[in-house]
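Notes follow the structure.
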Amino acid sequence: MSKLLVIAFDATDAATSFGFAHALGLPFDVLQLTGLSVPSGAGTVTLANLGSIPPADGLAKALQPLVAGYSHIASPSSMGSKDVLAYLAGLLDTGMVTDAIGVVSPTEFKRPIYAGAMTATIKVNCDPIIITFRPGNFGKDAASANGNESTTSLNVTSQATILSESSKGSARPDLSQAAIVVSGGRPLKDAATFESVIGGFADALGAAVGATRAAVDAGIAANDLQVGQTGKVVAPNLYIAAGISGSTQHMAGIKDSKLIVAINTDTNAPIFDAADLGLVGDLFTVLPELQRELKQ
Amino acid sequence: MKLLVPIKRVVDPYAKVRPLADGSGVDTTGAKFEINPFDEIAVEEAVRLKEKGIATEIVVVSVGGPQCEDQLRKALAIGADRAILIETDAVLDSPAVAALLSDVALAEAPGLILMGKQATDDDCNQVGQMLAAKLGWPQATFAAKVEITGNSAQVTREIDSGEQVVALPLPAVITTDLRLNEPRYVALPGIIKARSKPLEKRPATSVQSPKTSVSAVELPPTRPPGRRVGSVQELAAAIKERGAI
Ligand SMILES: Cc1cc2nc3c(=O)[nH]c(=O)nc-3n(C[C@H](O)[C@H](O)[C@H](O)COP(=O)(O)OP(=O)(O)OC[C@H]3O[C@@H](n4cnc5c(N)ncnc54)[C@H](O)[C@@H]3O)c2cc1C
């Protein structure tokens, strides 16, 4: 029988998986690796109670017996889920669909290719099928209560060892879930300028902060703020791109935003082709004014 | 220590590509091809490890048609010692590529496999992990810094919330992120010199039938054309009017 197992890496994964499970149209269970159980409409929620996510080699091996019997094994797309689930696919010698944005049928999925320049339909001919999906592309229906709840103890032995982890520990909203995202590019010059201009504006509006690869490479912004083909994918109600040229690779991460606003000094910047609202102007004068206007 | 670096031939990431008229695939006629940028970073990292005296030999490998020779030659010019082309004209998915690479890894017995985290054409982000799993090796994906001491690697990885440092016993698979290094520019003499380096072509013996295949390619829905506003006041009003705030 066909059944989906959602592997929830963190506390929010289970709730954001409901839309995908609904689109797939299969009954589903949740394996909650860290964090507590939340309403997700799952048949059974199994809590693994891990304190943190262990290295992929050990975790994928420990998951192997728990995924037996499921036709679909899926998680919201993240660097963490791609790391572990592709290793699991290798162990199971099965196929994988990364970054699903649509379900055609339980064996056919849509996903972006070439930095989102095109959408491919992927036909799957294996069992089980492993999937990471982008929650922003699926419905946000409120999830119903779960059926049963149980716990399992995962016995993880990894060859790799985690020595340390540094998180910028921002008090700001999470990029991939924020309702408003303000991003800055290369013209922000240095980290202090970026923090005061982009960070200050974001805090005034309760927004998350994003950046281009050029800004990250130049040491202007932290790597976990990178939005795009090889960074995070965002889908806020409002995306403000300040001093961003609009490369294909950056646009790949912001296409699903409801309203894209571009502020750029160059009237020919490609970002204006993709933006819903564009203003030619200097971000250093526009952003403070815009902040005042929006707060009124 | 021997390093194995798998590389993929991809359409130039800055080129504009479109679906074929019948929607059956991607139209790459006339396109320029390059080494997948992430794989080029892996080649560069391998060469730096050799320059530091840590690696002794760098073997680059590609799976695909005879055209992949161009990208292997470029990798040799960057500084790899030897190239292998596993020739096949079959349409390959990630499990099939991982299976072919794992055969090469077993035969070559490298101390480390360095490769890109994803290819900029299919954006799959799968082969490195699948290969590590098939070999039963540990992995460090999304590497931003790699240090090798004796028989272990210390890797700074990019993770969703920042950075993580992991220690791996070797052999292992490391996949590269953009910030690991900036590949060197190879001047013409280097490319010419690389022509004398060994490049071995072997037919792919058995290719797995694909578990996933592309049945259609289309353009994503386009956004309705945007609007230019003339002032900050107009911009703020339009944002409010759209209920985005
Ligand atoms: C394999 C690969 C993967 C990549 N992945 C990503 C990715 O995930 N995310 C990403 O962002 N990029 C990615 N890139 C890089 C991408 O191609 C671009 O180089 C990058 O997005 C450009 O960043 P930028 O817009 O900040 O800089 P620029 O292109 O330099 O643009 C700066 C813009 O700011 C404008 N400007 C200057 N001063 C002002 C001012 N005072 N006020 C207002 N506007 C001003 C300029 O007119 C210009 O348009 C990738 C590239 C490759 C090859």
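Residues checked against (1) surrounded by 24 or more Cβ atoms within 10 Å (Cβ to Cβ); (2) among the β-branched types (V, I, T); (3) touching an Asp or Glu at 6+ places or on another chain (Cβ under 9 Å); (4) modelled with pLDDT under 95:
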residue	(1), (2), (3), (4)
B:P37	no, no, no, no
B:I58	yes, yes, yes, no
B:S94	yes, no, yes, no
B:L101	yes, no, no, no
B:G111	no, no, no, no
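Any residue at all in region B:202-225 that's more than 30 Å from B:L20 (Cα to Cα) and crowded, with 20+ Cβ neighbours inside 10 Å? Scanning region B:202-225, I find no residue that is more than 30 Å from B:L20 (Cα to Cα) and crowded, with 20+ Cβ neighbours inside 10 Å, so the answer is no. Please work out which residue is surrounded by the most Cβ atoms within 10 Å (Cβ to Cβ), limiting yourself to region A:85-123 and to residues that are more than 8 Å from chain B (Cβ to nearest Cβ) and among the β-branched types (V, I, T). Ranking the candidates gives A:V103 first.
May I ask you to verify whether A:S166 is open to solvent by 50 Å² or more (accessible area, probe 1.4 Å) and either in a loop (DSSP other than H, G, I, E, B) or on the phi > 0 side of the Ramachandran plot (or both)? The answer is no for A:S166. Residues being closer than 16 Å to B:D70 by Cβ and either of a type in the set (A, V, I, L, M, F, W, C) or surrounded by fewer than 21 Cβ atoms within 10 Å (Cβ to Cβ) (or both) are entirely absent from region B:16-25. Summed over region A:264-292, residues that are under 22 Å from A:A178 (Cβ atoms), more than 8 Å from every other protein chain (Cβ to nearest Cβ) and more than 8 Å from the ligand (Cβ to nearest atom) total 4.
In region A:171-204, of all residues being of a type in the set (D, E, K, R) and within 13 Å of the ligand (Cβ to nearest atom), the one that is nearest to the other protein chains (Cβ to nearest Cβ) corresponds to A:R186. Here is the figure for region A:237-263: residues that are farther than 22 Å from B:T120 by Cβ, within 11 Å of another protein chain (Cβ to nearest Cβ) and within 6 Å of the ligand (Cβ to nearest atom) total 1. The residues of region A:223-256 that are over 13 Å from the mean Cα position of the chain (by Cα) and within 15 Å of B:F142 (Cα to Cα) amount to a single one, A:N223. Checked against the criterion of being away from every other protein chain (no Cβ under 11 Å), assigned to a loop (DSSP other than H, G, I, E, B), closer than 17 Å to A:I260 by Cα and within 9 Å of the ligand (Cβ to nearest atom), region A:205-228 contains one or more residues that satisfy it.
With respect to (1) within 9 Å of another protein chain (Cβ to nearest Cβ); (2) closer than 26 Å to B:T120 by Cα; (3) open to solvent by less than 70 Å² (accessible area, probe 1.4 Å), the lone exception for B:G243 is condition (2).
Restricting attention to region B:98-120, the residues that are within 29 Å of A:A115 (Cβ to Cβ) and free of Cβ contacts under 8 Å to residues at least 24 places away in the same chain total 0. When region B:151-168 is limited to residues that are assigned to a strand (DSSP E or B) and open to solvent by 50 Å² or more (accessible area, probe 1.4 Å), the one that is modelled with the highest pLDDT turns out to be B:Q154.
So for region B:177-187 (the condition being in a loop (DSSP other than H, G, I, E, B), more than 30 Å from B:P19 (Cα to Cα), free of Cβ contacts under 8 Å to residues at least 12 places away in the same chain and open to solvent by 60 Å² or more (accessible area, probe 1.4 Å)), does at least one residue qualify? Yes, region B:177-187 has at least one match. Filtering region B:123-137 for residues that are part of a strand (DSSP E or B), more than 7 Å from chain A (Cβ to nearest Cβ) and of a type outside the set (S, T, Y) leaves an empty set.
Of all residues in region A:100-149, how many are in a strand (DSSP E or B) and touching a Pro at 6+ places or on another chain (Cβ under 6 Å)? Full working, then the answer.
Step one: of region A:100-149, the residues in a strand (DSSP E or B) are A:100, A:102-105, A:108-113, A:118-124, A:129-133, A:148-149.
Cutting the leftovers down to touching a Pro at 6+ places or on another chain (Cβ under 6 Å) gives us A:118-119.
Qualifying residue count for the region: 2.
Screening the candidates B:A15, B:A75, B:A55, B:A21 for the property of being closer than 21 Å to B:R184 by Cβ and assigned to a loop (DSSP other than H, G, I, E, B) yields one hit, B:A55.
The values are calculated or read from the model by the stated rules, or taken from the named source; none is laboratory data. It should be emphasised that the depicted structure is a prediction, and the values quoted were computed from it without experimental measurement. Virtual Cβ from ideal backbone geometry, glycine too; neighbours counted across all protein chains shown. Just so you know, the surface numbers come from the protein's heavy atoms only, side chains and all, with ligands and any DNA or RNA stripped out. Shrake-Rupley method; radii C 1.70, N 1.55, O 1.52, S 1.80 Å.
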